[in-house]
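Trainee: My structure is below; once you've seen it, I'll send some questions.
Please treat every number below as a calculation from the coordinates, not as lab data. Note that the structure is predicted; figures quoted are calculated from it, not measured. FYI the Cβ positions are ideal-geometry reconstructions off the backbone, even for glycines, and counts take in every protein chain you see.
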Amino acid sequence: MTKAATLYGAKTHTETLRPGPLRPANIIRNKFPTYKNGSNGIVIKLADGPEMPPLKEIVAKETADLLDRRQRLSVRELAMKFEKGLNTATLLSNEVKWRQVALLERDILLKNLKSILESLRGRVTGKTKDEIEESISMVEILAVQLSKREAELLQQKEEVTKLAKSLKQASEDAKRIVEEERANAHTEIESAKNAVQRVQQAVQEHEKMSQSTGKQDMEELKKEAREARRIKMLHQPSKAMDLENEIRILRKTFAEKSTDCVNLLKELELHKRLKENGTPSFDLEGLQCLGSVLRIVALSGTHMDLSNISIQWFRIHPKESNKEIISGATRPVYALEPHDVGRYLQAEIDVGGEIAVAKTAGPVDPDAGLVEYVETLVRKPETEFNVVVLQLNGIEQPKESVHVLNVGRLRMRLTKGKSVVAKEFYSSSMQLCGVRGGGEAASQAMFWQPSNDLSLVLAFETARERNTAIMLARRFAIDCNIILAGPGDKTPW
């Protein structure tokens, strides 16, 4: 064996024992099978790398994946996928070529090895010759295996070539479809642009026509308005003036008749009292309508000081005989408030233990137009009034500062600038009425008790504003199921 190895080494270093080019075999030397000495002689073992799936399965998997995702990809993505598959097939084809070259290199190497072993077999004898023959048989078996592997590689090469052609064709078809779709998209975009331009032109024309038509209509309306105004000035002023004069005359006549009727009723009442007893007689002076002030006057012809005489005012319902005392009304002067509308007012004067009575000739009349005005204000969420605080919890207050009284749907609020003096929701403890203590501004003053520990006397600019505020607050309170009245009042208005 040593001699054979020596001879083999000597032969390999000479040019005569190298029949063919062996340098290309260096490319795959790390993949060539290694030799081992075993108990039965030389054993050849192929040093194959990690197992890889066949090229056919790889290409088939890629193709199936492309077909499965074809419905979810756009045309451009499909073309890119086909190009990727084509690149993959090209790489696989190149790999098959390299493997084929490697097989050719292995075939050449095996032929050279077989020729060397053949030359050695003729030179050795004995056991070494048997080992060389066994090695020659193993080389022949390996050559058969390599020929089978080469046939398989050729078949795979053909399949890969077919798939590459089909993928190339599919890629070309995809590119053609992309170009067609791009052309169709450009055509549709151009048609959409043209349609938008036509619509914009139509809209602009319509706007121009609308503006011109609107100007014409406006001019016609102005002409008609001028013509109507001219006709009205020609025909209606005389009629309107006649109606106003007639209404003015009727009002004046009605006022005169009302005054005469009230005077006659007072005279009749006076004659009845004089016949019944000899006590001094009193009468009520002033208009019997909301917003005015009633004053007790003596009818005996002499002036009487009523400041030290006990006086009490009452309300009498026209259909009932019971009297309702007006708490706090104990002065000779009484300012009528909305609670008094529709009722008789009676003042009882205690003169030396005898009671003299002064009564209105009829029920108190409402203020003309006040109810309609209040109904208009009810539609608003709140209304403001400028007031002056005369008293705070019975204490006189300076009259220079002006406050704002806000009457809302749910509450009343009194403010001075940004500070809040009083604020309270409508409740059963709240009291609201006109001032009953008399005085020059009694018809413009209002008593308001927001809570049990706070009471105010507020003066308004006019008596009409005072009555408006009282009626509006009572109307909002009724919407909250609350009846606002003065101290001691029991009858709802």
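Trainee: Going highest first, how would you order 136-149, 377-390, 472-485 by mean Cβ packing within 10 Å?
Mentor: Ranking the peptides 136-149, 377-390, 472-485 by packing returns 472-485, 377-390, 136-149.
Trainee: Could you work out the local net charge near residue 368, counting Lys and Arg as +1, Asp and Glu as -1, over the other residues with Cβ closer than 12 Å to its Cβ?
Mentor: It works out to a net charge of -1.
Trainee: Work out, step by step, the length gained on full extension between residue 401 and residue 320: first 0.36 nm times the residue separation, then minus their alpha carbon distance; give nm to one decimal.
Mentor: Computed gain between residue 401 and residue 320 is 24.7 nm.
Trainee: Right, next: List, in the order given, every pair from 84/148; 380/490; 61/162 whose Cα-Cα distance in the structure shown is over 20 Å.
Mentor: In this structure, 84/148; 380/490 lie more than 20 Å apart at Cα.
Trainee: Taking all pairs of distinct Cα atoms, average 1/r, flip it, and tell me the Kirkwood hydrodynamic radius of region 180-231 in Å to one decimal place.
Mentor: With all distinct Cα pairs of region 180-231 included, I get 14.4 Å.
Trainee: Sticking with this one: Taking a virtual spin label 7 Å from the Cα of residue 84 along the C-beta vector, which residues in region 162-191 bring their backbone nitrogen under 15 Å of it?
Mentor: Flagged as within label range: 171.
Trainee: With an 8 Å Cα cut-off and a minimum separation of 6 or more residues, compute the relative contact order for region 282-359 in percent.
Mentor: It comes to 34 percent, rounded to a whole number.
Trainee: Convex hull over the Cα atoms of region 370-480, averaged projected area in nm²?
Mentor: It is 6.8 nm².
Trainee: Could you give the length gained on full extension between residue 309 and residue 197, defined as 0.36 nm per residue of separation minus the Cα-Cα distance, in nm?
Mentor: Answer, rounded to one decimal: 30.6 nm.
Trainee: Hey, can you rank 177-188, 207-218 by average C-beta count inside 10 Å, highest first?
Mentor: Sorting 177-188, 207-218 by mean packing, highest first, produces 177-188, 207-218.
Trainee: Could you give me the percent of Cα pairs per 5 Å distance bin for region 106-207, shortest bin first, beginning at zero and ending with the bin that holds the maximum distance?
Mentor: It works out to 3, 10, 9, 8, 7, 6, 5, 5, 5, 5, 5, 4, 4, 4, 3, 3, 3, 3, 2, 2, 2, 1, 1, 0, in whole percents.
Trainee: Moving on. Given labels modelled 7 Å from the Cα in the Cβ direction, how far is it in nm from residue 297 to residue 268?
Mentor: So the label points at residue 297 and residue 268 sit 2.1 nm apart.
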